[in-house]
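To start, the structure under review is shown below, and the notes come after it.
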Amino acid sequence: MKSISEIDFSNKTVLIRVDFNVPLNEDKKVTDNNRITAAKPTIDAVVKGGGKAVLMSHLGRPNGERNPDFSLKHILSEVEAVLGQNVVFSEECVGATAKDAVDSLAAGGILLLENLRFHKEETAGDEAFAKELSELADFYINDAFGTAHRAHASTTVVAQFFKGNCCFGSLLAKEIDAIEKVMRTGEKPITAILGGSKVSSKITIIENILDKVDHMIIGGGMAYTFIKAQGGSIGNSICEDDKMELALEILKQAKAKGVQIHLPVDVVAGDDFSNDANTRVFPSNAIEEGWEGLDSGPETQKHSREVLLASKTILWNGPVGVFEMDTFSKGTINIGNSIADATKAGAFSLVGGGDSVAAVKQFGFEHKVSYVSTGGGAMLESLEGRTLPGIAAIYEMA
Ligand code: AMP
(Lines give C-alpha, C1' and ligand atoms only; values in the text may rest on other atoms or scores of the structure.)
Protein backbone atom coordinates (compact mmCIF):
# COMPACT_ATOMS: atom_id res chain seq x y z
CA MET A 1 0.00 0.00 0.00
CA LYS A 2 1.36 3.41 -0.99
CA SER A 3 2.02 6.09 1.59
CA ILE A 4 1.06 9.69 0.93
CA SER A 5 4.66 10.64 0.11
CA GLU A 6 4.73 8.14 -2.79
CA ILE A 7 1.68 9.52 -4.58
CA ASP A 8 1.78 11.96 -7.48
CA PHE A 9 -0.98 14.47 -6.82
CA SER A 10 -0.41 16.68 -9.88
CA ASN A 11 -3.70 17.44 -11.60
CA LYS A 12 -5.62 15.34 -9.10
CA THR A 13 -8.61 16.55 -7.12
CA VAL A 14 -8.25 15.06 -3.67
CA LEU A 15 -11.05 14.70 -1.15
CA ILE A 16 -9.50 14.80 2.30
CA ARG A 17 -11.46 13.79 5.42
CA VAL A 18 -9.94 15.90 8.16
CA ASP A 19 -10.98 16.28 11.77
CA PHE A 20 -11.65 20.00 12.17
CA ASN A 21 -14.03 19.43 15.07
CA VAL A 22 -12.29 22.17 17.05
CA PRO A 23 -13.53 23.98 20.16
CA LEU A 24 -15.10 27.42 19.61
CA ASN A 25 -15.75 30.16 22.15
CA GLU A 26 -18.95 32.24 22.46
CA ASP A 27 -17.76 34.51 19.63
CA LYS A 28 -17.26 31.42 17.46
CA LYS A 29 -13.50 31.83 17.48
CA VAL A 30 -11.26 28.73 17.52
CA THR A 31 -9.75 28.28 21.01
CA ASP A 32 -7.46 25.34 20.18
CA ASN A 33 -6.19 24.83 16.63
CA ASN A 34 -4.25 21.59 17.30
CA ARG A 35 -6.47 19.53 15.01
CA ILE A 36 -6.00 21.96 12.14
CA THR A 37 -2.23 22.00 12.66
CA ALA A 38 -2.25 18.19 12.80
CA ALA A 39 -3.84 17.98 9.33
CA LYS A 40 -1.42 20.45 7.72
CA PRO A 41 1.24 17.94 6.56
CA THR A 42 -1.36 15.98 4.57
CA ILE A 43 -2.93 19.08 3.01
CA ASP A 44 0.53 20.44 2.18
CA ALA A 45 1.49 17.16 0.49
CA VAL A 46 -1.49 17.50 -1.85
CA VAL A 47 -1.24 21.20 -2.71
CA LYS A 48 2.56 21.27 -2.98
CA GLY A 49 2.28 18.19 -5.19
CA GLY A 50 0.09 20.20 -7.58
CA GLY A 51 -3.29 18.79 -6.58
CA LYS A 52 -6.52 20.45 -5.53
CA ALA A 53 -7.39 19.81 -1.88
CA VAL A 54 -11.08 19.47 -1.01
CA LEU A 55 -11.40 19.37 2.77
CA MET A 56 -14.40 17.82 4.49
CA SER A 57 -15.11 17.60 8.21
CA HIS A 58 -17.80 17.66 10.82
CA LEU A 59 -18.09 20.25 13.59
CA GLY A 60 -20.10 19.43 16.70
CA ARG A 61 -23.39 17.58 16.58
CA PRO A 62 -25.93 19.48 14.47
CA ASN A 63 -27.85 16.19 14.10
CA GLY A 64 -28.65 16.58 10.43
CA GLU A 65 -29.94 20.17 10.80
CA ARG A 66 -28.44 23.15 9.01
CA ASN A 67 -27.66 24.99 12.24
CA PRO A 68 -25.45 28.08 11.62
CA ASP A 69 -23.85 27.71 15.06
CA PHE A 70 -22.06 24.66 13.67
CA SER A 71 -20.99 26.14 10.35
CA LEU A 72 -17.40 25.44 9.36
CA LYS A 73 -17.32 29.02 8.05
CA HIS A 74 -16.47 30.03 11.64
CA ILE A 75 -13.13 28.31 11.39
CA LEU A 76 -12.21 29.43 7.85
CA SER A 77 -9.87 32.25 8.89
CA GLU A 78 -8.07 29.97 11.37
CA VAL A 79 -7.66 27.30 8.68
CA GLU A 80 -6.21 29.95 6.35
CA ALA A 81 -3.84 31.17 9.06
CA VAL A 82 -2.57 27.68 9.86
CA LEU A 83 -2.23 26.60 6.22
CA GLY A 84 -0.74 29.93 5.19
CA GLN A 85 -2.90 30.34 2.11
CA ASN A 86 -6.30 31.40 0.91
CA VAL A 87 -9.03 28.77 1.38
CA VAL A 88 -12.30 28.85 -0.58
CA PHE A 89 -15.48 27.94 1.31
CA SER A 90 -18.42 26.02 -0.16
CA GLU A 91 -21.79 26.54 1.56
CA GLU A 92 -22.72 22.98 0.56
CA CYS A 93 -20.71 19.79 0.87
CA VAL A 94 -22.43 17.97 -2.02
CA GLY A 95 -24.37 18.83 -5.18
CA ALA A 96 -23.97 21.55 -7.80
CA THR A 97 -22.67 24.25 -5.41
CA ALA A 98 -19.86 22.01 -4.21
CA LYS A 99 -19.09 20.74 -7.72
CA ASP A 100 -18.88 24.28 -9.13
CA ALA A 101 -16.56 25.29 -6.29
CA VAL A 102 -14.29 22.34 -7.04
CA ASP A 103 -14.29 23.14 -10.77
CA SER A 104 -13.33 26.77 -10.11
CA LEU A 105 -10.43 25.78 -7.89
CA ALA A 106 -6.94 26.13 -9.40
CA ALA A 107 -4.25 23.44 -8.97
CA GLY A 108 -2.65 23.96 -5.56
CA GLY A 109 -5.90 25.48 -4.27
CA ILE A 110 -7.84 24.49 -1.15
CA LEU A 111 -11.60 24.24 -0.71
CA LEU A 112 -13.35 23.73 2.62
CA LEU A 113 -16.79 22.12 2.42
CA GLU A 114 -19.61 22.96 4.84
CA ASN A 115 -20.23 20.72 7.86
CA LEU A 116 -20.91 17.13 6.74
CA ARG A 117 -23.27 16.60 9.67
CA PHE A 118 -25.74 19.15 8.27
CA HIS A 119 -26.85 16.01 6.42
CA LYS A 120 -28.17 13.18 8.58
CA GLU A 121 -26.90 10.81 5.89
CA GLU A 122 -23.33 11.43 7.10
CA THR A 123 -23.60 9.69 10.46
CA ALA A 124 -26.04 7.15 9.02
CA GLY A 125 -23.28 6.02 6.67
CA ASP A 126 -25.60 6.55 3.70
CA GLU A 127 -24.18 5.13 0.48
CA ALA A 128 -25.89 7.58 -1.90
CA PHE A 129 -24.55 10.52 0.12
CA ALA A 130 -21.06 8.98 0.14
CA LYS A 131 -21.32 8.57 -3.65
CA GLU A 132 -22.22 12.26 -4.02
CA LEU A 133 -19.16 13.20 -1.98
CA SER A 134 -17.01 10.91 -4.10
CA GLU A 135 -18.15 12.65 -7.28
CA LEU A 136 -16.23 15.75 -6.20
CA ALA A 137 -12.80 14.17 -6.55
CA ASP A 138 -10.64 11.47 -8.10
CA PHE A 139 -8.62 10.54 -5.01
CA TYR A 140 -9.57 10.11 -1.34
CA ILE A 141 -7.44 10.55 1.76
CA ASN A 142 -8.63 9.81 5.27
CA ASP A 143 -6.66 11.79 7.83
CA ALA A 144 -9.28 11.91 10.60
CA PHE A 145 -8.18 9.47 13.28
CA GLY A 146 -10.64 10.96 15.79
CA THR A 147 -13.57 9.62 13.73
CA ALA A 148 -11.92 6.49 12.31
CA HIS A 149 -13.96 4.35 14.72
CA ARG A 150 -17.19 5.55 13.08
CA ALA A 151 -18.62 3.94 9.94
CA HIS A 152 -19.86 7.28 8.63
CA ALA A 153 -20.27 8.24 4.98
CA SER A 154 -17.13 10.42 4.83
CA THR A 155 -14.93 8.29 7.08
CA THR A 156 -15.65 4.80 5.76
CA VAL A 157 -18.40 4.33 3.17
CA VAL A 158 -16.91 6.80 0.65
CA ALA A 159 -13.71 4.73 0.27
CA GLN A 160 -15.51 2.13 -1.89
CA PHE A 161 -15.78 4.68 -4.69
CA PHE A 162 -12.01 5.19 -4.77
CA LYS A 163 -10.72 1.68 -5.41
CA GLY A 164 -6.97 1.96 -6.04
CA ASN A 165 -7.21 5.71 -5.45
CA CYS A 166 -7.11 6.25 -1.73
CA CYS A 167 -4.62 6.32 1.10
CA PHE A 168 -4.11 7.30 4.74
CA GLY A 169 -3.14 10.86 5.50
CA SER A 170 0.09 11.35 7.40
CA LEU A 171 -1.62 11.89 10.77
CA LEU A 172 -3.68 8.72 10.47
CA ALA A 173 -0.60 6.81 9.29
CA LYS A 174 1.31 8.02 12.38
CA GLU A 175 -1.50 6.88 14.70
CA ILE A 176 -1.59 3.45 13.06
CA ASP A 177 2.18 3.18 13.28
CA ALA A 178 2.18 4.10 17.00
CA ILE A 179 -0.48 1.49 17.79
CA GLU A 180 1.44 -1.15 15.78
CA LYS A 181 4.63 -0.34 17.67
CA VAL A 182 2.91 -1.11 20.96
CA MET A 183 0.50 -3.89 20.02
CA ARG A 184 2.45 -5.89 17.44
CA THR A 185 6.07 -4.96 16.94
CA GLY A 186 6.99 -3.48 20.32
CA GLU A 187 10.42 -4.24 21.74
CA LYS A 188 10.28 -6.03 25.11
CA PRO A 189 9.86 -5.44 27.97
CA ILE A 190 6.48 -3.86 27.20
CA THR A 191 4.70 -2.02 30.01
CA ALA A 192 1.16 -0.67 30.08
CA ILE A 193 0.04 1.80 32.72
CA LEU A 194 -3.69 1.78 33.15
CA GLY A 195 -5.41 4.28 35.40
CA GLY A 196 -8.61 6.25 35.57
CA SER A 197 -11.61 5.92 37.77
CA LYS A 198 -13.27 2.62 36.85
CA VAL A 199 -12.32 -0.95 36.01
CA SER A 200 -15.54 -1.34 34.04
CA SER A 201 -14.52 1.20 31.38
CA LYS A 202 -11.08 -0.40 30.89
CA ILE A 203 -11.89 -4.07 31.10
CA THR A 204 -11.81 -4.80 27.36
CA ILE A 205 -8.48 -3.01 27.05
CA ILE A 206 -7.01 -4.97 29.96
CA GLU A 207 -8.14 -8.28 28.49
CA ASN A 208 -6.78 -7.41 25.04
CA ILE A 209 -3.38 -6.20 26.15
CA LEU A 210 -2.72 -9.02 28.62
CA ASP A 211 -1.54 -11.01 25.61
CA LYS A 212 0.89 -8.31 24.55
CA VAL A 213 2.58 -6.81 27.60
CA ASP A 214 5.13 -7.99 30.15
CA HIS A 215 4.12 -5.55 32.90
CA MET A 216 0.86 -3.87 33.75
CA ILE A 217 0.84 -1.02 36.24
CA ILE A 218 -2.69 -0.56 37.53
CA GLY A 219 -3.34 2.76 39.27
CA GLY A 220 -5.94 5.40 39.93
CA GLY A 221 -9.42 4.71 41.21
CA MET A 222 -9.69 1.33 39.53
CA ALA A 223 -6.86 -0.13 41.63
CA TYR A 224 -9.11 -0.21 44.73
CA THR A 225 -11.45 -2.78 43.21
CA PHE A 226 -8.44 -5.10 42.84
CA ILE A 227 -7.18 -4.35 46.36
CA LYS A 228 -10.55 -4.91 48.02
CA ALA A 229 -11.08 -8.08 45.99
CA GLN A 230 -7.85 -9.42 47.51
CA GLY A 231 -9.12 -8.72 51.01
CA GLY A 232 -7.66 -5.25 51.56
CA SER A 233 -9.37 -2.46 53.51
CA ILE A 234 -9.82 0.53 51.24
CA GLY A 235 -11.70 2.96 53.52
CA ASN A 236 -13.88 5.29 51.45
CA SER A 237 -11.93 4.78 48.20
CA ILE A 238 -13.84 4.40 44.94
CA CYS A 239 -14.71 0.75 44.23
CA GLU A 240 -16.92 -1.28 41.93
CA ASP A 241 -18.02 -4.16 44.17
CA ASP A 242 -19.68 -5.94 41.25
CA LYS A 243 -16.34 -6.04 39.42
CA MET A 244 -14.31 -7.65 42.23
CA GLU A 245 -14.71 -11.16 40.86
CA LEU A 246 -13.62 -9.92 37.46
CA ALA A 247 -10.57 -8.27 39.07
CA LEU A 248 -9.55 -11.61 40.61
CA GLU A 249 -10.06 -13.31 37.26
CA ILE A 250 -7.78 -10.73 35.58
CA LEU A 251 -5.08 -11.37 38.19
CA LYS A 252 -5.41 -15.11 37.54
CA GLN A 253 -5.20 -14.66 33.78
CA ALA A 254 -2.17 -12.39 34.14
CA LYS A 255 -0.38 -14.99 36.22
CA ALA A 256 -1.13 -17.70 33.66
CA LYS A 257 0.18 -15.49 30.85
CA GLY A 258 3.31 -14.46 32.75
CA VAL A 259 2.30 -10.79 32.95
CA GLN A 260 3.49 -8.99 36.08
CA ILE A 261 0.75 -6.86 37.58
CA HIS A 262 1.86 -3.92 39.71
CA LEU A 263 -0.83 -2.61 42.04
CA PRO A 264 -0.16 0.31 44.39
CA VAL A 265 1.54 -0.71 47.64
CA ASP A 266 0.83 2.64 49.30
CA VAL A 267 -1.52 5.53 48.58
CA VAL A 268 -1.98 9.18 49.41
CA ALA A 269 -5.46 9.41 50.88
CA GLY A 270 -7.61 12.44 51.60
CA ASP A 271 -10.31 12.93 54.24
CA ASP A 272 -12.38 14.65 51.56
CA PHE A 273 -12.56 14.62 47.74
CA SER A 274 -11.04 18.08 47.61
CA ASN A 275 -7.75 19.81 46.89
CA ASP A 276 -7.82 21.20 50.45
CA ALA A 277 -8.35 17.81 52.11
CA ASN A 278 -6.03 16.63 54.88
CA THR A 279 -3.77 13.92 53.49
CA ARG A 280 -2.21 10.76 54.91
CA VAL A 281 -0.19 7.95 53.41
CA PHE A 282 -1.57 4.44 54.03
CA PRO A 283 -0.54 0.97 52.90
CA SER A 284 -2.92 0.42 49.99
CA ASN A 285 -4.61 -2.52 51.77
CA ALA A 286 -5.05 -0.78 55.14
CA ILE A 287 -6.82 2.51 54.45
CA GLU A 288 -8.84 3.67 57.44
CA GLU A 289 -12.54 4.53 57.25
CA GLY A 290 -13.06 8.22 56.55
CA TRP A 291 -10.09 8.29 54.13
CA GLU A 292 -10.10 7.71 50.40
CA GLY A 293 -7.11 6.87 48.22
CA LEU A 294 -6.68 9.67 45.70
CA ASP A 295 -3.08 9.31 44.52
CA SER A 296 -0.26 6.77 44.49
CA GLY A 297 2.07 6.81 47.50
CA PRO A 298 5.86 7.35 47.55
CA GLU A 299 6.81 3.63 47.53
CA THR A 300 4.46 2.97 44.63
CA GLN A 301 5.89 5.92 42.72
CA LYS A 302 9.43 4.64 43.25
CA HIS A 303 8.46 1.15 42.10
CA SER A 304 6.55 2.39 39.01
CA ARG A 305 9.56 4.45 38.02
CA GLU A 306 11.86 1.40 38.24
CA VAL A 307 9.52 -0.66 36.07
CA LEU A 308 9.20 2.13 33.50
CA LEU A 309 12.93 2.85 33.29
CA ALA A 310 13.53 -0.84 32.52
CA SER A 311 10.89 -0.86 29.75
CA LYS A 312 11.51 -0.58 26.02
CA THR A 313 7.89 -0.02 25.00
CA ILE A 314 5.34 1.90 27.07
CA LEU A 315 1.62 2.49 26.73
CA TRP A 316 -0.10 4.94 29.07
CA ASN A 317 -3.86 5.20 29.39
CA GLY A 318 -5.44 6.91 32.38
CA PRO A 319 -4.13 8.97 35.32
CA VAL A 320 -2.99 7.21 38.51
CA GLY A 321 -4.64 9.78 40.77
CA VAL A 322 -6.98 12.72 40.80
CA PHE A 323 -4.43 14.77 38.83
CA GLU A 324 -6.86 17.65 38.37
CA MET A 325 -6.22 18.50 42.03
CA ASP A 326 -2.70 19.67 42.73
CA THR A 327 -2.61 17.81 46.07
CA PHE A 328 -3.21 14.47 44.33
CA SER A 329 -1.27 15.02 41.09
CA LYS A 330 2.21 13.82 42.18
CA GLY A 331 1.73 10.17 41.21
CA THR A 332 0.56 11.09 37.72
CA ILE A 333 3.43 13.58 37.34
CA ASN A 334 5.84 10.83 38.46
CA ILE A 335 4.51 8.53 35.74
CA GLY A 336 4.93 11.30 33.15
CA ASN A 337 8.49 12.05 34.32
CA SER A 338 9.45 8.37 34.31
CA ILE A 339 8.04 7.82 30.82
CA ALA A 340 9.89 10.94 29.62
CA ASP A 341 13.17 9.58 31.04
CA ALA A 342 12.58 6.10 29.61
CA THR A 343 11.84 7.68 26.22
CA LYS A 344 15.03 9.71 26.40
CA ALA A 345 16.90 6.46 27.05
CA GLY A 346 15.45 4.93 23.87
CA ALA A 347 12.04 3.47 24.77
CA PHE A 348 9.01 4.00 22.54
CA SER A 349 6.11 5.56 24.46
CA LEU A 350 2.51 6.05 23.40
CA VAL A 351 0.03 8.06 25.44
CA GLY A 352 -3.53 7.56 24.34
CA GLY A 353 -7.15 7.81 25.22
CA GLY A 354 -8.78 10.53 27.29
CA ASP A 355 -7.45 11.86 30.54
CA SER A 356 -3.84 10.74 30.32
CA VAL A 357 -3.55 12.91 27.19
CA ALA A 358 -4.97 15.84 29.20
CA ALA A 359 -2.47 15.12 32.00
CA VAL A 360 0.47 14.91 29.60
CA LYS A 361 -0.46 18.29 28.13
CA GLN A 362 -1.17 19.89 31.50
CA PHE A 363 2.20 18.88 32.94
CA GLY A 364 4.23 19.59 29.80
CA PHE A 365 5.27 16.05 28.82
CA GLU A 366 3.77 16.28 25.35
CA HIS A 367 7.11 16.56 23.55
CA LYS A 368 8.97 14.21 25.90
CA VAL A 369 7.05 11.07 24.93
CA SER A 370 7.22 9.37 21.54
CA TYR A 371 3.60 9.88 20.53
CA VAL A 372 0.46 11.43 21.97
CA SER A 373 -2.66 10.16 20.25
CA THR A 374 -5.13 12.68 18.84
CA GLY A 375 -8.15 10.40 19.04
CA GLY A 376 -9.79 9.53 22.36
CA GLY A 377 -12.50 7.04 21.45
CA ALA A 378 -10.65 5.80 18.36
CA MET A 379 -7.52 5.06 20.41
CA LEU A 380 -9.52 3.29 23.12
CA GLU A 381 -11.19 1.06 20.52
CA SER A 382 -7.80 0.29 18.93
CA LEU A 383 -6.42 -0.71 22.34
CA GLU A 384 -9.47 -2.92 22.80
CA GLY A 385 -8.24 -4.77 19.72
CA ARG A 386 -11.00 -3.63 17.38
CA THR A 387 -10.35 -2.91 13.73
CA LEU A 388 -11.57 0.62 13.13
CA PRO A 389 -13.93 0.83 10.14
CA GLY A 390 -12.26 3.94 8.71
CA ILE A 391 -8.90 2.20 8.71
CA ALA A 392 -10.24 -1.12 7.41
CA ALA A 393 -11.93 0.67 4.47
CA ILE A 394 -8.65 2.16 3.24
CA TYR A 395 -6.78 -1.13 3.64
CA GLU A 396 -9.49 -2.79 1.56
CA MET A 397 -9.64 -0.19 -1.21
CA ALA A 398 -6.08 1.13 -1.53
P1 AMP B 1 -11.21 7.71 33.18
O2 AMP B 1 -12.06 8.70 32.45
O3 AMP B 1 -11.91 6.46 33.57
O4 AMP B 1 -9.88 7.47 32.48
O5 AMP B 1 -10.87 8.38 34.57
C6 AMP B 1 -10.16 9.57 34.68
C7 AMP B 1 -10.51 10.17 35.98
O8 AMP B 1 -10.18 9.30 37.02
C9 AMP B 1 -9.78 11.47 36.28
O10 AMP B 1 -10.69 12.52 36.23
C11 AMP B 1 -9.21 11.25 37.66
O12 AMP B 1 -9.43 12.36 38.51
C13 AMP B 1 -9.99 10.05 38.18
N14 AMP B 1 -9.27 9.32 39.21
C15 AMP B 1 -8.02 8.88 39.20
N16 AMP B 1 -7.69 8.31 40.36
C17 AMP B 1 -8.77 8.37 41.16
C18 AMP B 1 -9.05 7.96 42.50
N19 AMP B 1 -8.12 7.36 43.23
N20 AMP B 1 -10.27 8.20 42.98
C21 AMP B 1 -11.20 8.81 42.24
N22 AMP B 1 -11.01 9.22 40.97
C23 AMP B 1 -9.80 9.01 40.43
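A few notes on this one:
- The set of residues in region 361-374 being in contact with an Asp or Glu (Cβ under 9 Å, 6 or more places away or on another chain), free of Cβ contacts under 8 Å to residues at least 40 places away in the same chain and closer than 18 Å to residue 145 by Cβ consists of 372 alone.
- A count restricted to region 230-245 and to residues that are away from the ligand (no atom under 16 Å from the Cβ) and closer than 16 Å to residue 197 by Cα stands at 2.
- The residues listed here are 350, 380; of these, the one that is within 16 Å of residue 172 (Cβ to Cβ), aliphatic (A, V, I, L, M) and within 16 Å of the ligand (Cβ to nearest atom) is 350.
- Only one of 72, 105, 112, 15 that is out of contact with any helix residue (DSSP H, G or I) (no Cβ under 7 Å at 6 or more places or on another chain) and buried (at least 22 other Cβ atoms within 10 Å of the Cβ): 72
- Scanning region 39-69 for residues that are more than 26 Å from the chain's Cα centre (by Cα) and either surrounded by fewer than 19 Cβ atoms within 10 Å (Cβ to Cβ) or over 16 Å from residue 17 (Cβ atoms) (or both) yields 47, 48, 49, 50, 65, 66, 67, 68.
- If only residues of region 296-321 that are hydrophobic (A, V, I, L, M, F, W, C) and under 20 Å from the mean Cα position of the chain (by Cα) are counted, the one that is nearest to the ligand (Cβ to nearest atom) is 320.
- Taken over region 348-383, the criterion of being in a loop (DSSP other than H, G, I, E, B) and small (Gly, Ala, Ser) is satisfied by 352, 353, 354, 364, 370, 373, 375.
- Residue 221 being assigned by TED's automatic domain parsing to the domain that holds residue 189 and at positive phi: no
- Some residue of region 82-89 being within 27 Å of residue 128 (Cβ to Cβ) and free of Cβ contacts under 8 Å to residues at least 40 places away in the same chain: yes
- The single condition from (1) within 16 Å of the ligand (Cβ to nearest atom); (2) surrounded by 24 or more Cβ atoms within 10 Å (Cβ to Cβ); (3) not in a helix (DSSP H, G or I) that residue 213 fails is (1).
Let's see how each residue does on (1) of a type outside the set (D, E, K, R); (2) under 21 Å from residue 339 (Cα atoms); (3) without any contact (Cβ under 8 Å) to a residue 40 or more places away in the chain:
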{"position": "216", "(1), (2), (3)": "yes, yes, no"}
{"position": "219", "(1), (2), (3)": "yes, yes, no"}
{"position": "234", "(1), (2), (3)": "yes, no, no"}
{"position": "259", "(1), (2), (3)": "yes, yes, no"}
{"position": "281", "(1), (2), (3)": "yes, no, yes"}
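- Residues (in contact (Cβ under 8 Å) with a residue 24 or more places away in the chain and within 11 Å of the ligand (Cβ to nearest atom)) located in region 196-210: 196, 197, 198, 199, 200, 202, 205
Matching residues to (1) within 11 Å of the ligand (Cβ to nearest atom); (2) surrounded by 15 or more Cβ atoms within 10 Å (Cβ to Cβ):
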| residue | (1), (2) |
| --- | --- |
| 253 | no, yes |
| 324 | yes, no |
| 332 | yes, yes |
| 336 | no, yes |
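This table checks each residue for (1) in a strand (DSSP E or B); (2) at pLDDT below 95.
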| site | (1), (2) |
| --- | --- |
| 155 | no, no |
| 160 | no, no |
| 171 | no, no |
| 193 | yes, no |
| 196 | no, yes |
| 205 | no, yes |
| 208 | no, yes |
| 217 | yes, no |
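- Screening region 255-347 for strands (runs of 3 or more DSSP E) wholly inside it with 2 or more residues that are over 15 Å from residue 359 (Cβ atoms) returns the ranges 260-262, 266-270, 279-283, 292-296.
- Counted residues, region 167-188 - those being surrounded by fewer than 24 Cβ atoms within 10 Å (Cβ to Cβ) and either acidic (Asp, Glu) or closer than 23 Å to residue 132 by Cβ (or both): 3
- Every residue from region 255-276 that is within 12 Å of the ligand (Cβ to nearest atom) and either surrounded by 15 or more Cβ atoms within 10 Å (Cβ to Cβ) or within 27 Å of the chain's Cα centre (by Cα) (or both): 264, 267, 268, 269, 270
The values are calculated or read from the model by the stated rules, or taken from the named source; none is laboratory data. Being a predicted model, the structure only gives us computed values, none of them experimental. Cβ sites come from the backbone with ideal geometry, for glycine too, and all protein chains shown count toward neighbours.
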